[in-house]
Amino acid sequence: MGGTLHKCVLCLVVALLNVSFTNGEDPYRFFNWTVTYGDIYPLGVKQQGILINGQFPGPQIDSVTNDNLIISVFNSLDEPFLISWNGVQQRRNSWQDGVFGTNCPIPPGQNFTYILQVKDQIGSYFYFASLGFHKAAGGFGGIKIVSRPRIPVPFPPPAGDFTILAGDWFKQNHTDLKAILDGGNNLPFPDGLLINGRGSNGNTFTVDQGQTYRFRISNVGIATSINFRIQGHKMLLVEVEGIHTLQNTYSSLDIHLGQSLSVLVVADQPPQDYYIVVSTRFTSQVLSATSILHYSNSAGSVSGPPPGGPTTEVDWSLEQARSFRRNLTASGPRPNPQGSYHYGLINITRTIRLTNSAPIINGKQRYAVNSVSFLQPDTPLKLADYFKISGVFSTGSISDNPTGGGGYLQTSVMHADFRAFVEFVFENPEDTVQSWHLDGYSFFVVGMDGGQWTPASKLRYNLQDTVSRCTVQVYPNSWTAIYVPLDNVGMWNVRSENWARQYLGQQFYLRVYSPVNSWRDEYPIPKNALLCGRASGRRTRPL
C-alpha cells in the first residue's frame with residue numbers, strides 16, 4: 001500500500017474509531033509497520049528473521065508522556081501475528097495489550113491498528129512478537145517515553161540517548177525451537193548473545209569526550225539473565241522501568257529476562273575505544289558479546305581483553321537488586337514527588353503465593369504455576385468475558401496458594417477485585433532464576449530473599465523506598481514479594497519471561513473486575529477489534 005494511501009487509511013481509522021476517551025490535548029503519533037520474514041545473519045548463520053519495515057530489530061517508538069500511539073500493523077507473514085508492549089500499562093484498555101488472552105491474532109495478509117496511550121508513564125521499555133515462539137525470530141524494538149517539558153527530571157539533559165536491546169539468541173529458526181518444545185523437550189543452550197541484533201563488535205556508539213550519555217538497556221532474550229558493563233567506565237543508575245531511582249554508581253548491572261533500566265555514563269576516560277560487554281549470568285557456560293564505545297576524538301582502537309563480570313554469584317546479584325531504591329523527591333510522569341504514594345501504609349487485602357514448577361504431563365515437559373500449566377483457549381479470554389461465552393474459562397481455576405500436587409492442564413484465570421491492594425509472593429523452589437512479568441501494572445518490589453517465605457518475612461520488607469516495576473526476578477530456591485494496587489480493570493497476563501516456560505504453561509491471567517459498566521473504569525471494546533474462535537461472527541460496536 002502506498003505511503004499516501006496508508007496515511008489516509010490511518011486518518012480514516014482514527015475518525016471511525018472516534019477515540020473520544022483520549023484527551024484531545026495529548027498529541028497523536030502515527031506508525032505504519034509492515035511485518036515480513038527476511039534473511040538475517042546475527043551469528044554468522046543464515047536464519048529466517050521477523051522484520052518490521054525491513055528492520056531487525058524493529059523501529060524504535062519515541063514518545064512523550066500521555067501521547068496517543070496509532071500503530072498500524074500489516075501482517076505479511078504466512079501465519080498469524082501479534083505484538084505486545086512490555087511495560088506499557090494500557091490504562092483501562094487491556095483490549096490493546098497484544099497477547100492471545102486479550103487479542104485475536106492478525107491473520108496473514110491483513111492489518112490491525114493498535115491505539116495506545118502511554119498514560120502517566122515515563123521510562124524505557126520494549127515491544128515484542130508475542131504469539132507462539134515468534135519472539136525467538138525478532139519482531140522486537142525499543143520504546144522510549146520521555147517526560148513532558150514542564151515536568152522536572154532529576155538530572156541534566158544528556159548529550160545523547162542510546163537504546164541497547166540485548167539478549168540470548170539461537171541459530172535455529174523459531175519454527176525449529178517451537179517444534180522442540182511441542183515435542184515435549186527442553187531447548188538447547190543458546191548459541192550466543194546479541195546487542196541490537198548483532199553479534200560481537202557489530203555496533204559502535206560514538207561519544208564526545210567530557211559529555212554525559214544515557215543508555216537504555218533491555219534484556220529482550222528468551223532464556224538467560226545478562227550482565228552489562230562498559231570497559232573503564234562507571235554507570236549511574238537513574239531509571240528502572242519508569243521509576244527515577246536513587247543515583248547509585250555501578251561497575252556492572254544484572255538485567256534479567258524482560259527487564260529494562262537506564263544509566264548515565266560520562267565519557268571521562270582517555271580518548272580511545274572501549275568495550276561494551278554483555279554476558280550471561282547463572283549459566284555454567286558463559287556467553288558474551290561486545291560493542292564499541294567510540295570517542296569521537298579517539299586515538300586508538302580497543303585494547304586488552306573485554307572486562308570480565310560476575311558469572312554464577314547469586315548473593316552478589318541479590319544485594320545489587322536490593323540497592324535499587326526509589327528517588328522519593330523526584331517527579332515521575334506527573335509533577336508530584338514519587339514518594340507521595342505511601343504504599344507501605346496501605347492495608348493488604350489479599351496475599352497470593354505463586355510457586356513455579358516443571359512437571360511432566362502426558363509424557364511431555366511442561367511448566368506450571370501452583371500446579372496449573374496454562375492451556376491456550378480457542379478464544380481470547382477478554383473476548384469470551386465480554387461476550388459472555390461460556391466454557392472458555394472459569395475464574396478460580398488457579399489457587400491463591402501452592403497446592404503441592406502434580407501438574408495438570410487448565411486455562412487458568414484468577415479473579416481479583418478492582419481497587420484491591422494485593423500482595424503476590426513468587427516462590428521459586430527450582431535451581432534456576434525465574435523472571436516474572438505482570439501486564440497492565442507497575443508493582444512495588446517489597447522484598448526478596450533466599451529460603452522459604454513465611455508471614456514473618458514481612459518484617460524484612462522495604463515499605464518506604466523500593467522501586468516499582470513490571471518485571472521482577474526470583475533467585476534459585478528463593479522468594480520475591482510485590483505489592484500491587486489493582487487500579488487497572490482488564491484481563492492481564494502474568495507470565496514467565498523465560499519464553500520456553502511461558503510457552504509451555506508458566507503463565508495465567510488476572511481478571512481485574514469492576515461490576516460498574518463505566519468508561520471511567522474501562523474503555524469499551526474497540527470498534528476495529530478482530531474477532532476469532534467462538535467470538536467469530538459477533539459484533540463489536542457500530543462504526
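The values are calculated or read from the model by the stated rules, or taken from the named source; none is laboratory data. Remember, predicted model here, so these are calculated numbers, not experimental data. Cβ placement follows ideal geometry from the backbone for every residue including glycine, while neighbour counts extend to all protein chains displayed. When the accessible area is computed, the model is the full protein with side chains, heavy atoms only, and any ligands, DNA or RNA have been set aside. Shrake-Rupley method; radii C 1.70, N 1.55, O 1.52, S 1.80 Å.
A few comments on the model shown:
- Where trypsin sites (Lys or Arg not before Pro) fall in DSSP loop in segment 453-543, at most 13 other Cβ within 10 Å: 520, 538, 539
- Of all aspartates and glutamates in the structure, those lying under 16 Å Cα to Cα from residue 46, and not within fewer than 8 positions of it along the same chain, are 176, 191.
- Qualifying chymotrypsin sites (Phe, Trp or Tyr not before Pro) for segment 135-174 [loop in DSSP, other Cβ within 10 Å: at most 16]: none
- Counting only protein chain heavy atoms and rolling a 1.4 Å probe, the accessible areas of 395, 163 rank, largest first, as 395, 163.
- Net charge dipole, segment 331-428: roughly 140 debye, given to the nearest 20, about the Cα centre with Cβ charges of +1 for Lys and Arg and -1 for Asp and Glu.
- Taking each residue as 0.36 nm, the span from residue 34 to residue 390 lengthens on full extension beyond its C-alpha to C-alpha distance by 124.6 nm.
- Calculated [θ] (222 nm, deg cm²/dmol) that DSSP helices of n ≥ 4 give over the chain, each run adding -39,500 (n - 2.57): -2500 deg cm²/dmol
- Bridging of residue 364 to lysines at a Cα separation below 18 Å is possible for 178, once same-chain residues fewer than 8 apart are set aside.
- Probe 1.4 Å - accessible area at residue 422, Å² to nearest ten: 0 Å²
- Total charge dipole magnitude, the chain, about the Cα centre, Cβ charges on Lys, Arg, Asp, Glu only, Debye to nearest 20: 1080 debye
- Segment 468-543: chymotrypsin sites (Phe, Trp or Tyr not before Pro) in DSSP loop, at most 13 other beta carbons within 10 Å: 519
- Dipole of the chain, positive direction: furthest Cα of 483, 327, 255, with charges on the beta-carbon: 483
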